[in-house]
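To start, the structure itself, in C-alpha cells.
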C-alpha cells in the first residue's frame, strides 16, 4: 500500500498578482556581489539547452563552474535533435498572441496539471530567449524583409514558433555550446567530457558534490561544490524504443531521488504522434518527424478496415481524415496527446497502413498542389530526406507513414519556484524537472523551457541560495560522505561486471520496454498496471542475476555504462506504474481506460486529482511515499479541454 | 542478408590494433548500419568476446557522435548521410564491409572505432562564438537580416562536428569544419565585431592539430550535411583580410 503523507509541499511561490511575481521575487532575492561570485563553486551536470545555458551564464556572471557530460563534446547533448521550433510570446504576427495567451495555452495544453506561477514566468521569459539566441547568431528563419519568420504548432491558434529549418534544437544548442566554449576559454568554466555522474553527495542534508566515472579510464572521482544543478534530461528510454538518443537515461535524477529528492508525476510521459513506425525487432530507436509537418500534412487512414491498397488507389471519399473530422477547430494541429490517441484508435480498429499496418498517413499531396514543391522543400526538406533515408520511400510522391512513439517526459524531479529540489542546494532544470508542462507538453515548448531555466531562471535563483552561504566554509571533498559515495559507485560497478550471466543488457532493456509500453504507454488500466508491477521486479531480479557484461571497469566499456542506466530504469519503471495506478483519472498523456467519455476523450477528475504527486524513496524494497502538492488555479478557469 | 565485417579492434590509445573478421548473418535490409553493429555486438557478447566500441547517440544524423570509415569512405557510400542514417539496403547480400575509425593524427584512437575529437572543441573555443552575455540582447527584430544571408549562414551552421571532413582529407585538414563555423558567424551582422579576430584565432588553433588544405574537395563529398567548400574560400578571404587588418593596426602602434 502507498503511504499517503499529507504534509504539504511548499513550492515557495511568491505572493502578489501573477504578472508581478517573478519581478518581485527577483528583487526580493538576495544577490551575490561580483567579487564574491568567484568564491562559489557550482557543478552543472548535462550540456543540453538547460545545462549548457546555465553553465555558460553562471560563468559569465563570475562563478566557478564545473560542467560534466558523458558525451565526447558538450555539443552532442540530445537537445540537438529537437526539430520544429521554439515558442515565444512576441506577437510578431499580430495575430492576438500575448504572454497571457502563451501561459493560458500551456496550462490548458498541460491539462491543468502544472503550476500557474512557473508557467507564467516561462511565458514572460520566452521573449527574452529569442532576443538572446538571435544575439548569439542563431540563424532563425527570416522573411524577405529581414524580419523573423514564425509558424504554428499543435494546440494553439497563433503563429508563435521560431525555427531554423527543421533543426531548431541544433542551432539553439550550438548557440549555448558556443557561449559555453567562450567561458571555457575564459577559464570560468571547467569542462569534463566523457564523464558520467553516478551519485550525488550530501553533507548535513545539503547537496555538497557528486561522484563521477571517467568513461575512458574508468577512474572514479569526487567533486565538491556549493550547489549542484542536474540538467540531465528525460527518461523516455525507459520504453527502450523512443525518439530519445541512445544514451539518454534517468541515472542522475534517479540517484538524486534515492538520496531524498522527491520525484514528481513520473507517469506523465508524452507519446509523440508523428514518428516513423517500427519496422523490425532489432530496431534500436524510433525517429521523430517534426510536429511542424502537421502544418501542411493531412493525416488520414482508409475508411475500410483491412483496406490493403496503396495510398494512391484510395480515393478521397474512401479516406478518413480522422483528426479533421473529430476536431474541426484544430484539425491536424490538435495537441500531441490527442493526436496520438486518435491514431492509436484507428490502428487498433484495423485501419492502420504500411507493411505491418502499424501507421497512419501524413499526406502532403494537397500542400504540394497548393504551394508547389519548392515551398515544401524549403520548409521541410531535411525531414523529407531523413524519412526517405530511413524508409526508402519518397514522401513527395507517397504519403509518409507515421505512428506515435515515446518522446518526452513531463515528470521529473520535484522543484519549487526556484527550481530547487527537496534537497537544499540541489537544482533540476529543463526536462529533468517536472514543473511547467503538466500532463502534456505543447510542441516547441521544450526548447523554451530548457533555455528559460538555463539562461534566466536558475542563474537568478541559485544566487539567492549561495548568498546565504557567504562567509562559511564550502563543502570539503575530504568529508567521509564523498569517499562513501565513491565506494557505493565502485561496488555497483563491480557487482554488474561479476554477474556473468547469459543475456545482454540490451535484451533486458528491450524486455523492460515492452512491459512499460504495453501497460504504462498510451493507454493504462488498473489491471495492466498491477500486472506490470508484478513483472518489472521479477525481470529486474533476473537482470541482476543473469546479465552478461564483458570487459573491465578501468577502460571504455559501453556495456557497463548501459547496464548501470538500465538498472536505474528498472526502478523508475516501477515508480511510473505506481504513480499511474494511483492517478484514477485521465489527463494529458496519462490515459486511464477506466476514465474516458462516451466518445473516447480523456476524463479528468479535478475534484480528487488536481495535485502533483511527489514520490519519496524509502530504501530498497521499501514502499515509496506519496506527498501531494495541491494545484491552485487563480488566473485561468479550469475547464474540460476541447479542441473540437 | 549475410555479410562479412572486417573491423578495426584496438584495446586503447597507443597500443597496436588489428583487423578482426566477423560473420553478420540474417541482417534485415531495413536495419541501419549501427543497428547491424548492435546485432553483431550482442552476438559477440554472448560468445564471450568483447563488443566493438563505437560512438553513437541520436541515430538521427544530427548529434555528430557517430562516424566510421566504411570501405574507405567516411560514413559509407551514401552521399549526404551520416553512419547512423545509412541503411543496410545500400549493401548487397554477401558483401565484405571494412569498418575503421577516423584516421587522423588530430583524432587519436581511444578504443576500437572511438576517436578523440576534442581538437574540434578547441577550435570553437578559440573564437567560434559571438560574445553576447545573457541579459544584454536587443529585441530580435531590431537587426534585419536579409533572407538569403540568413539562409547562407544556416547552410554553414548545419555542421554536426562529426569530423568526417578531416577523415576524408588526404592531409587531414579541418578546413571545412572550421570554415563552416567561421562563415556561419562572419556572414551575420551580429558576428561583425569579432569577425577578424575570430577567423585568425580559429585558423591558428586549427593549424595546431590538423594538416593544410590543398583543395582536394574530398571533405565536401564526405560531409553528411553536404556543406560546400565555397565556405573554405570565404574563410580564406577573411583570414587574409584579417592578417592585413592586424598588420595595419600593428603599424599604427
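Considering only Cα atoms, the convex hull volume of the protein assembly as shown works out to 162 Å³ per residue. Specify the angular offset, from 0 to 90 degrees and rounded to the nearest 10, of the alpha carbon long axis of helix A:458-467 from the longest principal axis of the alpha carbons in chain A. So the helix axis and the longest Cα principal axis differ by about 20 degrees.
What's the exposure ranking of A:292, B:92, A:525, A:195, going from fewest to most Cβ atoms within 10 Å?
Neighbour counts put them in this order, fewest first: B:92, A:525, A:195, A:292.
The packing ranking of peptides A:367-376, B:202-211, A:458-467, highest mean first, is A:458-467, B:202-211, A:367-376, where packing means the average number of other beta carbon atoms within 10 angstrom of each residue. Ordering of A:295-307, A:264-276, A:539-551 by packing is A:264-276, A:295-307, A:539-551, highest average first (other Cβ atoms within 10 Å, averaged per residue). Which whole-number percent gives the relative contact order of chain B, counting Cα pairs below 8 Å spaced six or more residues apart? Relative contact order for chain B comes out at 19 percent. In terms of other Cβ atoms within 10 Å, A:63, A:387 run from fewest to most in the order A:387, A:63. Axis angle, to the nearest 10 degrees, between helix B:33-46 and the longest C-alpha principal axis of chain B: 50 degrees.
Once you have a ≥ b ≥ c as the square roots of the Cα gyration tensor eigenvalues for segment A:481-608, tell me rounded if a/c is under 1.5, and otherwise prolate or oblate according to whether a/b is larger than b/c. In terms of gyration-tensor shape, prolate. Peptide B:109-117 has a mean of 3 when you count, residue by residue, the C-beta atoms of other protein chains within 10 Å of its C-beta.
The alpha carbon gyration tensor of chain B gives principal lengths a ≥ b ≥ c with a/c of 1.5 or higher and a/b greater than b/c, which makes the shape prolate. Structural descriptor for segment B:44-177: relative contact order 23 percent, calculated from alpha carbon pairs under 8 angstrom and at least 6 residues apart. With only Cα atoms counted, segment B:118-252 has Rg and Dmax values of 15.1, 46 Å. Helical content of chain B, expressed as a calculated mean residue ellipticity at 222 nm, amounts to -12000 deg cm²/dmol (DSSP H runs of 4 or more residues, -39,500 (n - 2.57) each, divided by residue number, nearest 500). Helix B:175-187: angle to the longest alpha-carbon principal axis of chain B, degrees 0 to 90, nearest 10? It works out to around 40 degrees. Look at the stretch B:149-160: the mean tally of other chain Cβ atoms within 10 Å of its residues' Cβ atoms is 5.
Peptide A:171-180 has a mean shielding of 5, counted as Cβ atoms of other protein chains within 10 Å of each residue's Cβ. Normalised by the number of residues in chain A, the average gap of Cα pairs under 8 Å and 6 or more apart makes the relative contact order 21 percent. Per the Debye formula with a single identical scatterer at each Cα and no solvent contribution, what log10 I(q)/I(0) holds for segment A:316-455 at q = 0.12, 0.18 Å⁻¹? Debye intensities relative to I(0), on a log10 scale: -0.67, -1.12.
Annotation: peptides A:492-503, A:398-409, ranked by per-residue average of other Cβ atoms within 10 Å with the highest first, follow the order A:398-409, A:492-503.
None of the figures in this text is laboratory data; all of them are computed from the coordinates on show. Please read all numbers here as calculations on a predicted model, not as lab measurements. Cβ sites come from the backbone with ideal geometry, for glycine too, and all protein chains shown count toward neighbours.
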